[in-house]
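Working notes for the structure below.
The values are calculated or read from the model by the stated rules, or taken from the named source; none is laboratory data. No experiment lies behind these values; they were computed from the predicted model shown. Heads up, the Cβs are rebuilt from the backbone with ideal geometry, glycines too, and the neighbour counts pull from every protein chain shown.
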Amino acid sequence: MAQSAKETAMQEGKDIILVVDYHAENIEFRWFNEATGEERTGKYETTRAGILRQVAEAAKEVAPGGQVVWIMESTTGWARVKDLIGPRAKFVLANVLQMPLPPKARRRKTDKIDTGRLLREYLHGVLPQSFQPAAWWREVRRVVDGRQDLVERQTALKNWMGSLLHHETWEDRENLWSCKGRARLQRIEIPRYRPTYERVLSKRGKKIARIVVARLFLRSLYKMLKDRVRFNPAASGRMKTTTATTTATASCSG
């Protein structure tokens, strides 16, 4: 009769495996001792002290020659957990999107079921893992994400203004977002809508201000990104995709 993955682990392994379903408030965990076959589940509050306490308890019980293994999904917060655990445990980041789905009849989803699936896949040696970018790359990603968000907001504001002028006036919209164009935009009136004109003007002024602020942020973010890449030549190729757009967008901040 074929042995289960847990039975094989009991014969060959010495590790204590901690599989956690990580949430902002609580952590649902599954503890499996390869040396003894002991398995237990539980829950505790998501705090630095709680995580370190569990890892320390596992380190006390691990068999000679074994190690503590921490397994969690690739979800928000994994980076801080990895930094907190450090060398105390082997950190495994599971890519659940690449895991096969169970049959529909058994596709219930609970924290206990999730940790059980992760443990089973790990013991079978087929648990797909996610790339764990270093802190430097995570910082660059945040800068790029911030730039993209600002560009999208700026584009939405420009489109709103362009649509208003195109629908209500015959004003020239060419080079509207140059320094001179923005000054011209401030002088535009919509007489037919005099009762609501003051409110529209107020909104338009705020939107123009937001566009100017967004441009200033874009320039700052782009400089930050260039500084980061300067110290990592391997990343210089990825900058080429953002250089032209950013330069054109941030050309006039006054």
> Quick one: VAL143 ticks every box in (1) at pLDDT 90 or above; (2) in contact with a Phe, Trp or Tyr (Cβ under 9 Å, 6 or more places away or on another chain) bar one, so which box is it?
Replying inline: (1)
>> Let me spell it out: the conditions are (1) touching a helix residue (DSSP H, G or I) at 6+ places or on another chain (Cβ under 8 Å); (2) exposed (fewer than 14 other Cβ atoms within 10 Å of the Cβ); (3) closer than 29 Å to VAL81 by Cβ, and ARG147 meets all of them except one. Which number is the exception?
In response: (2)
> Would you pick out the residues in segment 15-52 that are at pLDDT 95 or above, in contact with a strand residue (DSSP E or B) (Cβ under 8 Å, 6 or more places away or on another chain) and more than 20 Å from LEU118 (Cα to Cα)?
Replying inline: GLU45, GLY50
> Restricting attention to segment 49-70, and to residues there that are out of contact with any Lys or Arg (no Cβ under 9 Å at 6 or more places or on another chain) and more than 12 Å from ASP15 (Cα to Cα), which single residue is surrounded by the most Cβ atoms within 10 Å (Cβ to Cβ)?
Replying inline: ILE51
> Going through segment 84-107 one residue at a time, which ones are free of Cβ contacts under 8 Å to residues at least 12 places away in the same chain and surrounded by 10 or more Cβ atoms within 10 Å (Cβ to Cβ)?
Replying inline: GLY86
> Any chance segment 78-88 includes a residue that's of a type in the set (Lys, Arg), closer than 15 Å to LEU127 by Cβ and at pLDDT 95 or above?
Replying inline: no
>> Give me the residue from segment 128-176 that is part of a loop (DSSP other than H, G, I, E, B) and closer than 20 Å to GLY77 by Cα and, out of that set, farthest from the chain's Cα centre (by Cα).
In response: PRO128
